[in-house]
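This report concerns only the one structure given below.
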Amino acid sequence: MSGSDETMAGFSLALSDDVRQTRDWLHEFARDVMRPAAAEWDEREETPWPIIEEAAKIGLYSLDFFATQWMDPSGLGMVVSFEELFWGDAGIGLSLAGSGLAAVAVASNGTDEQIGEWLPQMFGSPGDVKLGAFCSSEPDAGSDVGAIRTRAVYHEATDEWVLTGTKTWATNGGIADVHVVVASVDPAFGSRGQATFIVPPGTPGLSQGQKFRKHGIRASHTAEVILDDVRVPGRCLVGGKDRLDARLARIAGGGSAGEQAAMKTFERSRPSVAAMAVGVARAAAEYATQYATQRVQFGRPIGQNQGVAFMLADMHAAVDAARLLTWRAAWMARHGLPFEHAEGSISKLVAGETAVRVTEQAIQILGGNGYTREFPVERWHRDAKIFTIFEGTSEIQRMIIGRAVTGLDVR
Ligand SMILES: Cc1cc2nc3c(=O)[nH]c(=O)nc-3n(C[C@H](O)[C@H](O)[C@H](O)COP(=O)(O)OP(=O)(O)OC[C@H]3O[C@@H](n4cnc5c(N)ncnc54)[C@H](O)[C@@H]3O)c2cc1C
């Protein structure tokens, strides 16, 4: 495994001063601003604009913050940050992080001009915050990203692309300023004939469809996005037309297409999503531990029973294991090491399943209290479930890992 061979030389668990300071700063925001507001925004099921504004004011909700964490030389800046924010609250956390996925889609495949033009418009500035949305999923193309039917047709005379289709499950969909949309440019090439487009703010033809009422992460807006003859300038094709034409020519000539655009985005963002799950799991493990040392039954703290203490031991061990896998994947991604053994998927699978299990155990340890909305663990359990679904379900992660370990075309 790459985790134990010489490619991991240089991997260290010692955080740099910068990352430690950022973590501590975010922890304060998560503890003092996010946690106290979490139950309210969960009930309201609305984007927590005042908290996004507050985060913008202190420089947390900003392109500069995301870029700094993304570029952190150790690779751990982003995952440490996300763990802290999602420890605070996952719904509000995703409202703060949602624009990041759209930004990554442009940053990982786009030109310098595109990055410079569009990323600032996904975050805005204090007093004028903006959002980005990444729109890949469709009603008939969830796990099967290759089944995307949204079409992008090029009109040479006007140098415009015309997008038509329906996207679904888009975080910030319809309320975002900048939408990043994956579409098929050549259906004959299936998933290899896809490209990613930027839809600028206020473009006619883009509208929000149904807004979903959800089980968890309810402060994060999730909705359909309808694209009805949406015209975008040629410069909105992520990566540019020359690169797309060269890729399509390679495919037509029987060559390799490289990775699908959407897949590339998901691959790079998986450790970040794993870190979000670690944050939720850690919150639950800590809360349950404190509760177990205080709640007395049979004349002793419930944590003194092996039945409870062993559960706590398993919870803490699982959180630590998930974090280590997450840090490994993030470190590898930063150092340009390919996930040959599906390390990104392993981190996402383990962290997502850990979050669900640990939050469920936390409810068990709180007993009746755990099952009520007077205590946060039921919300964390609802929130945790998303991590086995979005950014590739657990089954899809297992499929990717299964392929990596067997070398077979596992389906
Ligand atoms: C809250 C939320 C936010 C989201 N945000 C975004 C976003 O911002 N942008 C975006 O593009 N998408 C987003 N998504 C979509 C998300 O990525 C998809 O829901 C996810 O990929 C699964 O697709 P699906 O829901 O269509 O399920 P399906 O693909 O229909 O899967 C249903 C079940 O079948 C299983 N399954 C499917 N294929 C296989 C297989 N080959 N082998 C084994 N099992 C299989 C799945 O694992 C799952 O258990 C979001 C979803 C949610 C719920």
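I need the full set of residues from the range 354-380 which are outside any helix (DSSP H, G or I) and surrounded by fewer than 17 Cβ atoms within 10 Å (Cβ to Cβ), in order please. Quick ask: steps written out before the conclusion?
To start, the set of residues in the range 354-380 that are outside any helix (DSSP H, G or I) comprises 372-376.
Passing the criteria: T372, R373, E374.
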- prompt: Residues of the range 192-202 being more than 16 Å from the ligand (Cβ to nearest atom) and either open to solvent by 10 Å² or more (accessible area, probe 1.4 Å) or in a strand (DSSP E or B) (or both), which ones?
  reply: R192, P200, P201, G202
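Across the range 125-145, what is the number of residues that are open to solvent by less than 30 Å² (accessible area, probe 1.4 Å) and within 16 Å of the ligand (Cβ to nearest atom)?
In the first step, residues of the range 125-145 are kept if they are open to solvent by less than 30 Å² (accessible area, probe 1.4 Å); the result is 129, 131-136, 138, 141, 145.
From what is left, the residues that are within 16 Å of the ligand (Cβ to nearest atom) are 131-136, 138, 141, 145.
Selection size over the range 125-145: 9.
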- request: List the number of the failed condition for L248; all other conditions in (1) open to solvent by 20 Å² or more (accessible area, probe 1.4 Å); (2) in a strand (DSSP E or B); (3) under 30 Å from A342 (Cβ atoms) hold.
  value: (2)
query: Looking at the range 381-411, which of the residues that are in a helix (DSSP H, G or I) and under 17 Å from I217 (Cα atoms) is farthest from the ligand (Cβ to nearest atom)?
result: H381
- request: Just need a number here: residues in the range 13-24 that are assigned to a helix (DSSP H, G or I) and open to solvent by 90 Å² or more (accessible area, probe 1.4 Å).
  value: 4
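Does the range 109-124 contain at least one residue that is modelled with pLDDT under 95 and within 16 Å of the ligand (Cβ to nearest atom)? Walk me through how you get there before you give the answer.
Of all residues in the range 109-124, those modelled with pLDDT under 95 come to 109.
Those left that are additionally within 16 Å of the ligand (Cβ to nearest atom): 109.
For the range 109-124, residues modelled with pLDDT under 95 and within 16 Å of the ligand (Cβ to nearest atom): present.
Yes or no, residue by residue, for (1) in a helix (DSSP H, G or I); (2) closer than 20 Å to G88 by Cα; (3) within 16 Å of the ligand (Cβ to nearest atom):
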position	(1), (2), (3)
P271	yes, yes, no
A285	yes, yes, no
G307	yes, no, no
G352	yes, yes, yes
- request: Output the qualifying pairs, or none if there are none: Cβ atoms under 6 angstrom, residues six or more apart or on different chains, first residue in the range 122-151 and under 19 Å from E391 (Cα atoms), second residue at pLDDT below 95 and away from the ligand (no atom under 13 Å from the Cβ).
  value: G146/G190; G146/S191
message: Please determine whether any residue of the range 40-48 is on the phi > 0 side of the Ramachandran plot and either in a loop (DSSP other than H, G, I, E, B) or in contact with a Phe, Trp or Tyr (Cβ under 6 Å, 6 or more places away or on another chain) (or both).
response: yes
- request: Residues being small (G, A, S) and in contact with a Lys or Arg (Cβ under 7 Å, 6 or more places away or on another chain): count how many of those fall in the range 294-317.
  value: 0
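What number of residues within the range 147-170 are within 15 Å of the ligand (Cβ to nearest atom) and open to solvent by less than 30 Å² (accessible area, probe 1.4 Å)?
Matching residues across the range 147-170 total 7.
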Every residue from the range 171-191 that is open to solvent by 30 Å² or more (accessible area, probe 1.4 Å), touching a residue at least 60 places away in the same chain (Cβ under 8 Å) and away from the ligand (no atom under 16 Å from the Cβ): D186, F189
- prompt: Does the range 388-395 contain any residue that is open to solvent by less than 20 Å² (accessible area, probe 1.4 Å) and out of contact with any Ser or Thr (no Cβ under 8 Å at 6 or more places or on another chain)?
  reply: no
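The values are calculated or read from the model by the stated rules, or taken from the named source; none is laboratory data. On a predicted model such as this, the values are computed, not experimentally measured, just so you know. Reconstructed Cβ throughout: ideal geometry from the backbone, glycine too, with neighbour counts over all protein chains shown. Protein only, heavy atoms only, side chains kept; ligands, DNA and RNA dropped before computing areas. Shrake-Rupley method; radii C 1.70, N 1.55, O 1.52, S 1.80 Å.
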